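Participant: Shown below is the structure under consideration.
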Amino acid sequence: MDTPTLRSPQHRVSRTAVWYWAARAALGWLVVIAAQVFWLVMDDENALPVTTHVAALVVTAVVAVAHVTVMPQWRYRVHRWEATSAAVFTQSGWFKQEWRIAPVSRIQTVDSERGPLEQLFRLANVTVTTASAAGPIKVGGLDRDTAQRLVADLTAAAQATAGDAT
C-alpha cells in the first residue's frame, strides 16, 4: 500500500458545479436585492432619500454580479479530489482554502447526499467520516455517477482494510 502524503488531488469536480454555485449565489443575492427593493418601496419620504436607496441597490447589484461571475470559476479552479487505495484527498475553498487527507484505514462511513438544487443540476456530494477530530471530508460538486462510483470504491476499500477505523 502506498503511503499517503499531502498533495494536490488529481480530479476536478464536475464542470456543472460552476453553474450550481452560480445559481446558489444568485438566489442569495436575489433575497438581498428583494429586501432592498421592498425597503425602497415601503420607506416613507422622511427616512432615506430615494437616491440613497437606488445607489445602495446599484452597488448591491454590481457586487452580486461580480460574486456570481467570479466565485464559481475560482472555486472550480481550486476544488479537487482523489481517492487512492491508501487515502482520500480533497482540496476546497475559494478565500479560505483547505487541503485534507484521510487514510482509508480511518474511514468509518461514506455517505452521499443531494439537495433540491443539486438534484436539478444532477450533482451529488460525498461525505467521508473518519476517526478525526477535524471532522468529515466532503467532496462536493460531483456528477451523480461519479459520486456513486466514489461511494462504492471507498466502501469496498474501507471493508478490505484491516482495522477498526479508530
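Participant: Under 9 Å between Cβ atoms, which residue pairs at least 6 apart in sequence (or on different chains) link something in region 93-108 that is at positive phi with a partner that is outside any strand (DSSP E or B)?
Facilitator: These pairs meet every condition: Gly93/Arg75; Gly93/Val78; Gly93/His79.
Participant: Only residues that are of a type in the set (Ser, Thr, Tyr) and modelled with pLDDT of 95 or more: list them for region 130-166, please.
Facilitator: Thr146
Participant: I'm trying to understand the selection: among the residues of region 90-125, which are more than 13 Å from Lys138 (Cα to Cα) and of a type in the set (A, V, I, L, M)? Write out each step before concluding.
Facilitator: As a first pass, look at region 90-125 and keep what is more than 13 Å from Lys138 (Cα to Cα): 94-97, 103-106, 108, 115-123.
Residues satisfying the conditions are Val104, Leu117, Leu120, Leu123.
Participant: Give the residues of region 46-68 that are open to solvent by 50 Å² or more (accessible area, probe 1.4 Å) and of a type in the set (Ser, Thr, Tyr), sorted by residue number.
Facilitator: Thr51, Thr52
Participant: A further question on this structure: Sort through Trp39, Trp29 and tell me the only one that's more than 25 Å from Asn125 (Cα to Cα) and over 15 Å from the mean Cα position of the chain (by Cα). Full working, then the answer.
Facilitator: Numbers: Trp29 fails: more than 25 Å from Asn125 (Cα to Cα).
Of Trp39, Trp29, the one residue that is more than 25 Å from Asn125 (Cα to Cα) and over 15 Å from the mean Cα position of the chain (by Cα) is Trp39.
Participant: It is to be established whether one or more residues within region 119-132 are out of contact with any strand residue (DSSP E or B) (no Cβ under 7 Å at 6 or more places or on another chain), exposed (fewer than 14 other Cβ atoms within 10 Å of the Cβ), farther than 25 Å from Val70 by Cβ and not assigned by TED's automatic domain parsing to the domain that holds Pro72.
Facilitator: Checked against the condition, which is being out of contact with any strand residue (DSSP E or B) (no Cβ under 7 Å at 6 or more places or on another chain), exposed (fewer than 14 other Cβ atoms within 10 Å of the Cβ), farther than 25 Å from Val70 by Cβ and not assigned by TED's automatic domain parsing to the domain that holds Pro72, region 119-132 yields at least one hit.
Participant: Restricting to region 121-149, give me the number of residues that are farther than 11 Å from Thr90 by Cβ, among the aliphatic types (A, V, I, L, M) and touching a residue at least 12 places away in the same chain (Cβ under 8 Å).
Facilitator: Within region 121-149, residues that are farther than 11 Å from Thr90 by Cβ, among the aliphatic types (A, V, I, L, M) and touching a residue at least 12 places away in the same chain (Cβ under 8 Å) number 6.
Participant: Okay, next question. With region 38-126 as the region, which strands (runs of 3 or more DSSP E) entirely inside it contain at least 1 residues that are aromatic (Phe, Trp, Tyr) and closer than 30 Å to Ala160 by Cα?
Facilitator: On the way: elements: 80-83, 87-92, 98-103, 107-113.
Where strands (runs of 3 or more DSSP E) fall fully within region 38-126 and carry at least 1 residues being aromatic (Phe, Trp, Tyr) and closer than 30 Å to Ala160 by Cα, they are 80-83, 87-92, 98-103.
Participant: How many of the residues making up region 133-166 are open to solvent by less than 50 Å² (accessible area, probe 1.4 Å) and either among the aliphatic types (A, V, I, L, M) or outside any helix (DSSP H, G or I) (or both)?
Facilitator: Here the count works out to 14.
The values are calculated or read from the model by the stated rules, or taken from the named source; none is laboratory data. Quantities reported herein were computed from a predicted structural model and do not represent experimental measurements. Neighbour counts run over all protein chains shown; Cβ positions are idealised from the backbone, glycine included. Ligands, DNA and RNA are stripped out before the accessible areas are found, and what is left, the full protein with its side chains, is counted by its heavy atoms. Shrake-Rupley method; radii C 1.70, N 1.55, O 1.52, S 1.80 Å.
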